[in-house]
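Data block below; observations after.
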Amino acid sequence: MSTIPSSEIPDQLDPLRRRPTPAPYSGPAEGKRAAPTDIATALMPVVLRPPLVMARGQGSYLWDEAGRRYLDFVQGWAVNALGHSAPEVQTALAEQSSLLINPSPAFHNRPAIELSRLLVQLTGVAQVALLNSGAEANETAIKLGRKWGQRYKGGAFGIITTHGAFHGRTLATMAASGKPGWEQLFPPYPPGFVKVPFGDLTAMERAIDPSSVAIMVEPIQGEAGVVVPPDGYLQGLRELADRHDLLLILDEVQTGCARTGPFLAQEHAGIRADITTLGKGLGAGLPVSAVLANARAACFGPGDNGSTHGGNPLSSQVALAVCRVLSAPQFSSRVRARGELLDRALGRLAAAWGRANTRGQGLLRALIFEDPVAELLCEKARLAGVLVNAARPHILRFMPQLRVSRAEIDELERGLATAHRQL
Ligand code: PMP
């Protein structure tokens with residue numbers, strides 16, 4: 001095969017020459033956000049990112065390309081349940097990738113069979129669908145609810161959701177979400193979603209009508225800033241769903257997979273949803289999600305759903321390894337104990353600052369400020385080598401890996417104290 005000398009390749013066909021040479025980055029002025037195009041000119045600027053590139057992760061730490069180390073209490077937005085590059089994930093990836101990556105969803109594969117069995121065993125559901133993202137799992141849950149409505153409720157398709165909810169970024173899951181400002185983003189949205197205030201059982205009951213087929217909520221609203229509902233809320237929703245013959249769909253994409261202690265957050269309330277969705281922590285960094293349905297709700301048949309990558313052996317083997325760790329004896333109580341430690345550390349900071357409160361459960365926690373300082377504090381913390389997330393202008397969210405150590409929680413406390421002094 002002859003090679004064409006590069007001087008003979010027209011400029012527009014030469015990928016090396018077509019790409020503009022990036023200007024060396026000199027860093028933004030202190031406290032200012034860099035324009036999103038500064039580093040990644042070819043990426044759609046859909047997320048405002050700070051001017052650095054992450055290069056390596058290990059456990060609770062991340063390193064950027066400049067070699068700076070960060071203590072990470074964001075963990076891929078509550079994704080790396082076992083920390084960055086967990087050994088169990090590495091082993092599962094290495095072993096499975098040398099065996100089989102995807103035979104296509106038209107064939108069974110052993111890891112998907114084993115993963116679905118373990119999820120059934122851990123949660124008591126009847127059937128599981130394996131998918132790739134939280135949004136895809138929720139979209140599938142919505143479709144399962146609609147199928148159930150066609151079959152058992154005369155075509156009812158209405159789903160009652162809550163203000164402030166986050167269920168994903170497909171059009172239907174955006175319609176189900178209650179994120180402020182989203183109504184204006186990409187209308188028109190699919191119909192069939194009604195929203196009521198989170199935590200309000202009376203409003204939920206009032207919204208039920210003959211078109212309703214399901215109630216869909218997060219046990220704790222994560223993206224809204226770790227909003228914990230009043231005691232009895234989930235039990236009340238279960239009771240409403242039973243009394244009005246509706247499905248209860250719990251989006252546990254953020255709260256599930258032991259994030260709050262038990263494998264599912266609904267276990268705190270002693271209830272079971274008809275449909276539960278999982279994502280984020282399930283793959284400990286790999287994109288894998290699941291829809292769990294009890295016998296009442298599981299009504300999909302061949303042709304009703306599908307996903308080219310869903311349930312592929314590589315992701316399934318990783319999720320299987322993750323679920324084995326999460327379901328080991330003592331794992332849940334250790335998460336709870338670490339969650340208490342984190343809560344105490346945040347409580348000490350809040351008391352010292354006199355301008356904040358804490359809330360949350362397990363290792364999903366937040367500091368709620370009286371004033372909108374979260375973004376700036378987040379940035380100062382990053383400059384002090386600590387990564388946290390500003391879920392809302394006045395809310396900092398903490399989602400460390402589930403094996404976070406006492407020493408790392410102490411380090412977070414010191415880092416945040418330093419950052420707060422620079423406000
Ligand atoms: N549901 C909840 C509760 C979430 O927190 C998120 C992500 N933040 C999603 C769904 C969407 O998940 P994904 O980004 O994987 O689609």
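Read-outs: derived from the displayed coordinates by stated rules, not from any lab. The structure presented is a predicted model; accordingly, all values stated were derived computationally and were not measured. No Cβ is skipped: glycine too gets one built from the backbone with ideal geometry, and neighbour counts run over all protein chains shown.
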Over the chain, the sum of -39500 (n - 2.57) across DSSP H runs of at least four, divided by residue number and rounded to 500 deg cm²/dmol, gives at 222 nm -10500 deg cm²/dmol
For the pair N102 and A407, the simple spin-label estimate (label points 7 Å beyond Cα toward Cβ) gives in nm 4.1 nm
Here the gain from full extension of A295 to R169, 0.36 nm per residue of separation minus their alpha-carbon distance, amounts to 42.5 nm
With the 8 Å Cα cutoff and a minimum separation of six or more residues, the stretch 100-326 has a relative contact order in percent of 30 percent
Long-range alpha-carbon pairs in the stretch 290-423, meaning those over 24 Å apart, account in percent for 46 percent
Ordering 331-340, 355-364, 179-188 by per-residue average of other C-beta atoms within 10 angstrom, highest first, gives 355-364, 331-340, 179-188
Relative contact order in percent for the chain (Cα pairs under 8 Å, 6+ apart) equals 20 percent
1/(1 + (r/R0)^6) with r = Cβ-Cβ of E95 and R206, R0 = 56 Å, i.e. FRET efficiency to nearest 0.05, evaluates to 0.60
Bridge orientation stat for the chain from DSSP, antiparallel percent rounded to 5, came to 65 percent
What the Cα atoms of the stretch 100-326 span along the principal axes, largest first and in whole Å, is 50, 36, 35
Excluding residues fewer than 8 positions from K143 in its own chain, the aspartates and glutamates with Cα under 12 Å of it are D304
S133 neighbourhood, Cβ < 11 Å, K/R = +1, D/E = -1, net charge 0
PRE zone check, label point 7 Å out along Cα-to-Cβ of E88, amide N under 15 Å, scope the stretch 308-332, hits 316-332
By the Cα gyration tensor axes a ≥ b ≥ c (a/c under 1.5 gives rounded; else a/b larger than b/c gives prolate, otherwise oblate), the shape of the stretch 30-169 is oblate
Here the gain from full extension of D304 to K179, 0.36 nm per residue of separation minus their alpha-carbon distance, amounts to 42.1 nm
Note: the chain at 37 °C, 0.692 mPa s; Kirkwood Rh on alpha carbon pairs; Stokes-Einstein D in µm²/s works out to 143 µm²/s
Taking the alpha-carbon centre of each part, the distance from the stretch 163-204 to the stretch 97-126 in Å is 32 Å
